[in-house]
Amino acid sequence: MKSTGAGLSPPNQRKRDDSRTLQTLSSALHALAGATQAARQLQHTHYLAFFGSIGAAVLLVVLAGIVPTAGKGRTGSATQGGVHALFVVLAVAAGFAGTTMLYSAFIGGEWEKRSLRTIMESIELELSLIRQRLNETPSSSSAPGRPTGSGGGSDPANQNESHGAHLQPGRQATGGAGTPVESLI
């Protein structure tokens with residue numbers, strides 16, 4: 001039977017919860033790394049489709065210019081006009097497809113990668129704070145129910161920093177022990 005942790009003291013319960021959160025966030029970070037790789041591959045595919053579409057548009061324009069001069073006589077002129085028009089329409093469609101792929105690759109791909117990077121950085125910051133909290137040893141001089149480290153003081157700036165809240169520009173995030181939070185990137 002699985003323990004619910006009902007008999008654990010508050011510090012032990014918090015460590016157990018932090019441990020589970022650490023495991024969950026690590027799994028999420030791994031999944032997001034896979035999603036970032038998939039986003040890069042999709043962006044690369046869209047760039048290839050862009051270059052292919054532009055190449056096809058140029059080829060169709062060149063073919064449209066060559067076809068009308070290739071035929072001779074009265075019977076081929078109507079067919080040649082239709083083929084010429086078809087090549088021009090296909091060249092325009094290929095140009096539109098290429099433009100769409102360029103927008104999709106450059107704007108959409110960069111936006112997706114940037115969004116994933118932002119989420120991953122937030123998770124990494126939270127992971128470093130949790131790891132730091134798990135490595136802290138509670139001191140015997142701290143009051144019960146109060147956090148240990150620099151976050152327990154009366155300075156609101158330290159409390160915000162220890163919990164990863166909004167930082168003022170130019171201030172470095174610090175963990176519960178006042179040490180700088182290192183980036184995992």
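The values are calculated or read from the model by the stated rules, or taken from the named source; none is laboratory data. Only a predicted model underlies this, so the values are computations on that prediction, with no experimental measurement involved. Glycine gets a Cβ as well: all are built from the backbone with ideal geometry, and neighbour counts include every protein chain shown.
Observations on the model:
- Applying the criterion of being among the small types (Gly, Ala, Ser) and farther than 30 Å from residue 96 by Cα to the residues of segment 15-64, the residue that is nearest to the chain's Cα centre (by Cα) is 33.
- Of residues in segment 15-69 being modelled with pLDDT under 90 and small (Gly, Ala, Ser), the one farthest from residue 91 (Cα to Cα): 19
- Pairs meeting the criteria (first residue in segment 37-62 and touching a residue at least 40 places away in the same chain (Cβ under 8 Å) and within 18 Å of residue 109 (Cα to Cα), second residue crowded, with 16+ Cβ neighbours inside 10 Å and among the polar types (S, T, N, Q), beta carbons under 9 Å, at least 6 apart or on different chains) are 42/104; 43/104; 46/104; 49/104; 50/104.
Listed here are the residues, each with its yes/no results for (1) modelled with pLDDT of 50 or more; (2) under 30 Å from the mean Cα position of the chain (by Cα); (3) among the basic types (Lys, Arg).
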| site | (1), (2), (3) |
| --- | --- |
| 88 | yes, no, no |
| 108 | yes, yes, no |
| 130 | yes, yes, no |
| 160 | no, yes, no |
| 164 | no, yes, no |
| 168 | no, yes, no |
| 178 | no, yes, no |
| 182 | no, yes, no |
